[in-house]
Every structure is written in C-alpha cells, then in structure tokens.
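The values are calculated or read from the model by the stated rules, or taken from the named source; none is laboratory data. Bear in mind that the values here come from a model prediction, so they are computed numbers and not experimental data. All Cβ positions, glycine included, derive from the backbone under ideal geometry; neighbour counts span all protein chains shown.
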Amino acid sequence: MTLEPPVSTRSTRWAWGAVVAGVICLGFALVLSVDPRYFYVDDTESGAVGNWIQLGHLMREGQWFPTLVLDQWMAGNYPVEGQGGLWNPVQMAINYAAPSVDDLALLATAVKLGFSIVLGWGVYRVAMEYGARPAWAAVAGAAVPFGGFTLYFEDPSWVTSLIGMAWVVQAWASGVRYARGRSGPLPVFAFLYLAISVGYAHTALMAGVLIGCLMIGEYLYQRRWRPSLLLGGVGIAAAACGAVTFLPGMLSSSVTWRTGEEGALNDNFLTAPWSETFTASIPSSVSSIESWTGETTTAPITYIAWFAIPALAFIAWRKAQPALREFSAPLLLLGFILLFTSGPSDIGQIRWPARLLPFVAVIVLVLLAALLSRFGTTRPLRPRLVAAGLLVLVLVLRASSSGPQYFGRHVMWGALILVFGALALYLARRFGDRAVAALLIITVLPILAYQVSTYAPVLSKWYLPTSQSEAKAEFPRWEGPTLQLGTRSLTDDSPDSPGLPWNSQVYGNYAKVLDLDYVNAYTPIGHQGFGDWLCIKYEGSTCEDAFRNVFRVDEYTGKTTADLMLLDRVVVQKKQYPGADRRPAPEGWQWVTPPETAAPRPASDQIYVLERVGGPISDRTGRVSATVGADAVPESASVNSERVRVSSPDGGSVIFARLAWPGYTATLDGEPLPTKGLGDTFLYVDLPPGTDDAELVITFRPPGQRLGFAAAGFGLVLIVALTGLYYRDRRVARRGVDGPGAGGAVTASGDGDPAQGV
C-alpha cells in the first residue's frame, strides 16, 4: 500500500497539537452534559477548592507563603499538609484567583481542563520525541486524559495527582530533548520543579523514577554516560529546590497520624494485579481492584484505549527489535510501575499504589504511537487479522472474568472493536495513517460519553454548594473561633434532600469556602495528640465523647479544653446529641438561637449553639490561654510569633492556644527556653523561679525550612552551571569541535523505517 512520507513541519505539529486540545475540550463538554458536577466531587469539593480559596485570601492579606492558620488547629499547618503548592508559582496563581470565582464547580472544571490539556500536550511531545508522527502522537495525547483511572479518580476528585502527572510528563519530553541535544536543561528543571512542588508524594516519586529511567535508558541508547549524568544533575537541582516542600512534613511526622507508618504492608486496597492490563481495551470492563466500592471497582478504571491491545498485531516486531534500545527508558518506567501498582498497598507513607495507573496509560500510548508510526504494517494481512481477533477474544474473556454480570456488554464492545478495527485498516489502505489517526481520535468521544453515562462514580459526592456567594448568604456569619461537634455520616447526602447540612454545618474544608474560623477542616496528616483529645477525624467529624472532652477541666491548668483553645462558640449537631439544649449549659456558656439567614430552612433545625456568657474571648491580644504560677501580659502577637511580659517568683508555666507543632522556639530575655506540649497538644513553656518582668518570645518556623532554602540555593547554582555548560557546548559545536547540548544531537529515527507507519 502507498503511505504518506513522515512529514513533520512546525505547522503540522501545531495543527495536531491544536487537535489534541480541541478533543480534550469537547470531551469535557460531553462529560458536563451528563453531569454538570462531575469535576467537583469528593476530595475536590471537600478539600482542594477550600484550600485554594483560603490560601488565596491569605495571599491577598500579605501572607504570600502561609504557615499556620491557628484557629484551624489540626489542619492549619500548611507546610506540613504539603499539598497547598506554597512554593509552586502556577498553584499560587490558582490560589490567588480562587476567591474571585463564585462558581466553584466552574473553578474546579477550568483547572482540571487546563491541566488535562497540559497532560495531553505532554504525551504528544513525548511520543514525537520517540519518533511518532504528529498524527499518531495526537492520538496518544487526545486519549490519555480520559484513561479509566484518570476519568474516575483524578478528574472528579484527585486534582493534585492530575496536576503533578501533567508536569511529570512535560518533564519527560524535555528530558529526552535535553539528553539528545535538542534543547537545554532549563525546561527539564522547570517542569520537574513544578511537579515536585505540587507536594503530592506519588508525583515526587514518579519524578525521581522518571529521571532514573531516562538516565539508564539514554545510556543504553547512546552508549555514553555524559548525557545521562547531565540529566541526573538537572534532576538533583530540581529535587534540591523542591525539598522545602516536603521537609516540614517529614520532620513533623512524629506528632501526626503518619508517625506509625513505617515499613510495608499489603491489605490489597487499591493494588492492581498485572492481569488487569488485559482489560485495557474493553470500555465496559470493571476491574478486580479493591476500592471504596468493594472488592471490585464498579467502573472501567483500567481502560486505556479500545485500539491499544489489538494494534499490537500490526507492528512489525522483527523490524522494531533493533530499535527497542531507544525505548529503554519508557520500557523501564513501565516495568517499574507495573511492579509498584501490584503491591504492597502501603510502603511507609506512600499508600494505594494504583494511583500510578494513569502513568501506565501514558507509557502505553506513547510506545504505541511511536511503534505504529515507525513500524506499523498490515503485511502479511491474514495472520495479523487472526492475531488481532485472538487479542480481542482474550480481552472479552478477561473482562467477563472481572465483571461477568456485564458479559453482554463485553461481547458488544468486542464486536465493535472488530468493526472499527476493520474500518481503520480500510482507511489505512485507502487514505493513509492520518485518516486512521482521525478515526481513532474521533472514537475517544463517544466511548467517553458511554462510560460516564453508564457507570456510577466510584467516589462519593458531598453536594456542597457551588456558589460562594449563595453559600455565605445561607450560613450564619459567626465571628471568632468555632468548634463543631458532629459527624458527617449522620447527615443526609441526597442531592435534592432538604436535610443537606450546608446551611448550618461544616465538614471538610467548607468553612474555608465560607471564610469562617472553624476548627473543623480536612486534613490527610492530622495532629495525633489533638485528634485523640477531641476524637476528630480527617474531614472534621467528631465522636460522641467530644462534647465531654471539650468541657473537661484539665488538672494542671484548671481550664477546660474550650478555654485552652480560646473558643468563642461550640456548634452541636442535633442528630448526634438529641435534646442537648435541655441540659444545663457548661459553666460560663449559654444556649443561643442561631441567627436567621437566607437559607430555606433555619439552622436551628439541625444544630444547637453554645456561646460564652459575656461575649467572645478571642479578641484579646495574643494567644495565652492559661498560666500556672505565673503572670503573663501579652505585648504583641502574629501568626508566627508572640511577645509576652512574664513574671514567676517560684517558677510556673505559660500555656498558649497553639498546637505544639515541631518548629516552635522560645526565648526568655534572649536566652533559649524549651517548648513543650501539654498532653502532647497545647504549646507551653516552663518559667524558671525568679523570673521578673521578663520578655518571653515564641517563634514558629516550619522545621527544615532553613535547610530547604539552603538546598534550593544549591539547586539554583547547579542549574545555572548546567545551563552555562550547555551554551558553552553549543558555541563549541558551532566551531565544529564537539556536539551540542548534553553531548551531541541524536536522531530519533532508530533502526526502523518511518515509512512503514500505518
């Protein structure tokens, strides 16, 4: 058959890149037509968006690199939380803009659409670096944002993972270009830094594994160490600059829920057996992967593309074999991910390995695009048709094993794959590979519509209000620190139910959307002591004992927990504490009626409210909440420091309404003083006997921050040196002395004939 020559002009590359972006936009529009809230679900609505809004408010108030939100308590240490993108310029821009966007579903969708396009373009770039024609690279780029795991986990909920993956894939493309002398080190460094500074552990892991695989793969391909060593240097520079993102969390883990997460264990939760790869081309296949829906995830989360497996029959493997050395890096990367995703389920603080399944789709589509471009063939036709048919049969049988209840669907899709495969072969013979690529790209959209409309979401919907202004209008505008006692499992989560709690209760990061000072917030880290003290969970729910614990008197200070926290208000969920307002209010507190709002139902239908007799106490200067054998007069206070004038003739203690996070230091008239944790929770210091009108200074700095800044300085010096070396080599190359860049340009043609591409 007659095939098109491997033309790849700049206009051609831009045109197919535009196709990738266009298909992704159409795909998002299709999904929204089925479910307008699809991209505003679970962790996105309950966690991420609230963080963006609160960080945006803090930035607008002048805190460009926020540390603590004191009244948020357990979830208020942003450097330890890690995923706020505090040092990531793109995430900072999103945070800054977030408070100005009233429609939160629109905000989440726009962010995810943008990074899906960044991801699609990244895959498009990587595929072309390995020799794929723009048309085939566009197939890979258009398909990857709608791979099963991305579609059902990252697109609706885990936005941080999506963002990190997009940057890692872009770093991959730039890394290949740098190693093969086609560009400098700065793009690799920038994309790696953006990936690491997102703060997502799995993304940082993949950034490191990517650089390691590229170093090995490029050495095997080029037979020279210099390009690999230079690439490794860029990786070290980016890791050094990104260290400040992770050091506070690592050095604070001893006081968090993560303190006991050492070693490895396997409970099979979100682990992916290798056999699941045999369902990658059946759009109807559910998976034998345990998740929140049970031992089988009731959605096609391992799906990649309907043509991915059958297309293997149309690659000239004998001709491709000599060129496989060029693909060493993606093959090594694929091998690592398949091993990792198969278990164990927990390795230290890294858990749920199936989170890396989207990278399987990325690598498979990149390899497929490159191999079909360079070694695709239909000759001899008959045995290849037989092989493709057998592959489809295996796909149907394997899908029927995981989801026998959908056997009819699997057979239908097997037949459709054969029909569209035959059409693709006809187009290849009649019109060439661009027509085939167009067909494959077009089919992404109807399959996407089928999957979203047929399979229920695998993650929960909270049905939080999507409008900031309406949410604030319907919620009491309480001033001062508020603690809510209640549990989300007792609320009604039906979308149209009048029992939704969002006009009276906060869970997750909803209080951040409302711009209110609630203790309750979403945290994956958690402060162990505080969490035990109030039995508070990751999304702000509390147990029944919390009421007693809040008003229990501490033996050492003689104060209640509410006093030590400087709370102004306690909101009590009626369903958890029925008839609570008939009990006598704790001493110093009174039951009050919640104020009227614009909500259809009054808040008093769902909550009781306790407020302090005599008004709030949080408006005082500083956060000294108790003293024992000492006098303390606050002088000044800010988020990260306090100055207190203290006296203690016989020695005593000063207790602060602050969590005893690592990173606090104290001085008394300039001399260091140890900081402690009352009940492993409240920050306090012991004053020596004879203290008379001394100045006590409390200061907070995230642990490891100085080390992180020093590491960043080293990383910047290193990348400047590598950039200088790159441009020096280019000057030398122009004089004909040596190759450019990372040791000389290397073509991507390999040993195959691009004209073989179908």
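Overview of results
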{"item": "All positions within region 153-205 that are among the basic types (Lys, Arg) and touching a Phe, Trp or Tyr at 6+ places or on another chain (Cβ under 9 Å)", "result": "ARG180"}
{"item": "Positions within region 397-423 being among the hydrophobic types (A, V, I, L, M, F, W, C) and either over 17 Å from THR296 (Cα atoms) or not in a helix (DSSP H, G or I) (or both), in sequence order", "result": "VAL411, MET412, TRP413, ALA415, LEU416, ILE417, LEU418, VAL419, PHE420, ALA422, LEU423"}
{"item": "Residues within region 413-470 that are closer than 28 Å to ARG382 by Cβ and small (Gly, Ala, Ser), tallied", "result": "10"}
{"item": "Scan of region 432-461 for residues that are polar (S, T, N, Q) and in contact with a helix residue (DSSP H, G or I) (Cβ under 8 Å, 6 or more places away or on another chain), ordered by number", "result": "THR443, GLN451, SER453"}
{"item": "Test: residue in region 85-100 that is among the hydrophobic types (A, V, I, L, M, F, W, C) and touching a His at 6+ places or on another chain (Cβ under 7 Å)", "result": "no"}
{"item": "Residue match in region 698-711 (condition: in contact with an Asp or Glu (Cβ under 8 Å, 6 or more places away or on another chain) and in contact (Cβ under 8 Å) with a residue 60 or more places away in the chain)", "result": "no"}
{"item": "So SER647, is it of a type in the set (Ser, Thr, Tyr), more than 25 Å from PHE65 (Cβ to Cβ), touching a Pro at 6+ places or on another chain (Cβ under 8 Å) and surrounded by fewer than 22 Cβ atoms within 10 Å (Cβ to Cβ)", "result": "no"}
{"item": "Number of positions in region 152-188 that are under 17 Å from ALA127 (Cα atoms) and of a type in the set (S, T, N, Q)", "result": "3"}
{"item": "Residue match in region 385-398 (condition: of a type in the set (D, E, K, R) and within 30 Å of LEU270 (Cα to Cα))", "result": "yes"}
{"item": "Residue that is modelled with the highest pLDDT [pool: residues in region 350-384 that are of a type outside the set (A, V, I, L, M, F, W, C) and within 13 Å of ASN266 (Cα to Cα)]", "result": "PRO353"}
{"item": "Flag if PRO322 is at pLDDT below 95, of a type outside the set (Gly, Ala, Ser), assigned to a loop (DSSP other than H, G, I, E, B) and surrounded by fewer than 24 Cβ atoms within 10 Å (Cβ to Cβ)", "result": "no"}
{"item": "Verdict on VAL176 being under 20 Å from LEU30 (Cβ atoms) and aliphatic (A, V, I, L, M)", "result": "no"}
{"item": "Candidate set: region 728-742, residues that are closer than 10 Å to GLY184 by Cβ and either modelled with pLDDT of 95 or more or of a type in the set (Gly, Ala, Ser) (or both); chosen: the one surrounded by the most Cβ atoms within 10 Å (Cβ to Cβ)", "result": "ALA742"}
{"item": "Scope region 451-507; condition in a loop (DSSP other than H, G, I, E, B), among the small types (Gly, Ala, Ser) and over 30 Å from ASP619 (Cβ atoms); matching residues", "result": "ALA456, SER460, SER494, SER497, GLY499"}
{"item": "Residue ranges of helices (runs of 4 or more DSSP H) in region 1-83 with at least 2 members touching a Lys or Arg at 6+ places or on another chain (Cβ under 9 Å)", "result": "10-34, 49-60"}
{"item": "Conditions (1) surrounded by fewer than 21 Cβ atoms within 10 Å (Cβ to Cβ); (2) under 37 Å from the mean Cα position of the chain (by Cα); (3) within 21 Å of SER275 (Cβ to Cβ); (4) modelled with pLDDT of 95 or more; number of the one not met by PRO404", "result": "(4)"}
{"item": "Residue identified as farther than 23 Å from GLU326 by Cβ, of a type in the set (S, T, N, Q) and not in a helix (DSSP H, G or I) among THR302, THR259, THR245, THR203", "result": "THR302"}
{"item": "Subset of region 702-727 [within 24 Å of TYR78 (Cα to Cα) and surrounded by fewer than 16 Cβ atoms within 10 Å (Cβ to Cβ)]", "result": "ARG706, LEU707, PHE709, ALA710, GLY713"}
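For (1) free of Cβ contacts under 8 Å to residues at least 12 places away in the same chain; (2) touching a Gly at 6+ places or on another chain (Cβ under 6 Å), each residue gets a yes or a no:
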residue	(1), (2)
TYR455	no, no
SER497	yes, no
ASN503	no, no
ASN520	no, yes
